[in-house]
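Asks: Got a structure for you, written out below as structure tokens; questions coming shortly.
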Amino acid sequence: MREFQVTPWEVSGEVDYERLIERFGTSEIDEPLLRRIERLAGGLHLLLRRRIFYSHRSLDWILDEYERGNRFVLYTGRGPSGHTHLGHLMPWMLTRWLQEKFEAKLLFQLTDDEKFLFKQELSLEDTKRFAYENALDVVALGFEPDKTEIFLNTEYIKSQYRLALKVAKRTTFSTAKAVFGFGNDTNIGLIFFTCMQSAPCFLETERQGRAVPVLIPCAIDQDPHFRITRDAAPHLGYPKPALVHCKFFPSLAGGSKMSASSPESSIYTTDSPEEARRKIMNAFTGGQESVAMQRRLGGRPEVCSVYSYLSYIFEQDDARLEERQRACRAGELLCGECKQYLAERVLEFLEEHQRRRERARDRLEEFMVRD
Ligand code: TRP
């Protein structure tokens, strides 16, 4: 297998998720832990059941605290470098479910600073504009306004800066280089940035003047930031934030990550039905070269982006997913039919999401905080 690399700013190669757990030193969300969540939440979200959220740090501790009556706060975020695609929604969907089941408050950080620093072509005005666009998608997912705070870093700096500074003082350049692979050509803003991503982990503890547990649902590529946060936390008198990590949403071009930099391989929440359908109909599949060969040899769901989409969120029924996999391997099901089926599911989802997204425009201010 080709070597793969995962950092917050670069994912390359074919990601081996089991090996990533070892490399990062995280833990698997195993069966007993799943049962425990299920018991406390009164059910299990699809993304947990399907093992898309598969890795964690200190989740058992979060649940211990919860059982003792010490509620946790949720924290997640988004780097506003463009419109939201379906992959971005996954951690937010789980977060929304956790908010509801555990009656948790949510802090949502929009890192307009990060994306300005990281993307040569983006101005601060651009990242701010995308941050507000992305916030609509967050609100559209149904978070509770009185339990949710969304902020842009450039608009909520006063509350975060002191906390970021404390982390900065505890983090050496050599640690940052080792964790993120920075070189001499890295701009110095990016070197500091990780401290901004740490700040919300400690915000609620500061506000309440007592140790408030924090749980961060995120894609696994964000873990390096929080390793730094967790190292610093005990020295600063804060509890270490806990994390649950998800795998990347598949690319329609095949491969493991839906990348914002190749628009044809991602479906954006702002895509028209025609665009979304076209992208799906052009997707990479695990099919054979001809119908005759497909009938004879069957398809390969394990490399198929259409199958991945269905198994991640778009076919919620386990038995139907299983049957689809069987029929594909047996050569009974052709790629065209499968793409049609996925297109229907995605279009249904988009239509509803876009309706809610438009309604979110009038309600956005109920969620935004500034200082
Ligand atoms: N850096 C993240 C990104 O590029 C955005 C982010 C900020 C984030 N805070 C977070 C993601 C907390 C997950 C959890 O998308």
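Asks: List, please: which pairs have Cβ atoms under 7 Å, are six or more places apart or on different chains, and start with a residue in the stretch 192-204 that is modelled with pLDDT of 95 or more and end with one that is charged (D, E, K, R)?
Replies: Cβ pairs passing all conditions: 193/113; 193/114; 196/113.
Asks: If residue 222 meets every condition in (1) more than 9 Å from the ligand (Cβ to nearest atom); (2) closer than 22 Å to residue 96 by Cα; (3) not in a loop (DSSP other than H, G, I, E, B) apart from one, which number is that one?
Replies: (1)
Asks: Let me ask another. Could you check the stretch 236-281 and list, in sequence order, the residues that are assigned to a helix (DSSP H, G or I), modelled with pLDDT of 90 or more and not hydrophobic (A, V, I, L, M, F, W, C)?
Replies: Once the filter is applied, which keeps residues that are assigned to a helix (DSSP H, G or I), modelled with pLDDT of 90 or more and not hydrophobic (A, V, I, L, M, F, W, C), the stretch 236-281 yields 265, 273, 274, 275, 277, 278, 279.
Asks: Does the stretch 343-360 contain at least one residue that is part of a helix (DSSP H, G or I) and over 25 Å from the mean Cα position of the chain (by Cα)?
Replies: No: the stretch 343-360 contains no residue that is part of a helix (DSSP H, G or I) and over 25 Å from the mean Cα position of the chain (by Cα).
Asks: Can residue 113 be described as within 22 Å of residue 369 (Cβ to Cβ), outside the structural domain of residue 309 (by TED's automatic domain parsing), more than 15 Å from the ligand (Cβ to nearest atom) and at pLDDT 95 or above?
Replies: no
Asks: Oh, and also: State whether one or more residues within the stretch 68-75 are surrounded by fewer than 20 Cβ atoms within 10 Å (Cβ to Cβ), more than 19 Å from the chain's Cα centre (by Cα) and assigned to a helix (DSSP H, G or I).
Replies: no
Asks: Considering only the stretch 190-212, how many residues are part of a helix (DSSP H, G or I), surrounded by 13 or more Cβ atoms within 10 Å (Cβ to Cβ) and not β-branched (Val, Ile, Thr)?
Replies: 13
Asks: Looking only at helices (runs of 4 or more DSSP H) that fall completely inside the stretch 102-180, which ones have 3 or more residues that are touching a residue at least 60 places away in the same chain (Cβ under 8 Å) and surrounded by fewer than 19 Cβ atoms within 10 Å (Cβ to Cβ)?
Replies: Correct list: 157-170.
Asks: Within the stretch 142-165, does at least one residue satisfy the condition of being under 30 Å from residue 314 (Cβ atoms) and among the charged types (D, E, K, R)?
Replies: Yes; the residues of the stretch 142-165 include at least one that is under 30 Å from residue 314 (Cβ atoms) and among the charged types (D, E, K, R).
The values are calculated or read from the model by the stated rules, or taken from the named source; none is laboratory data. Note that this is a predicted model, so its numbers are computed, not measured. Quick reminder, even Gly has a Cβ in these numbers, built from the backbone with ideal geometry, and neighbours come from all protein chains shown.
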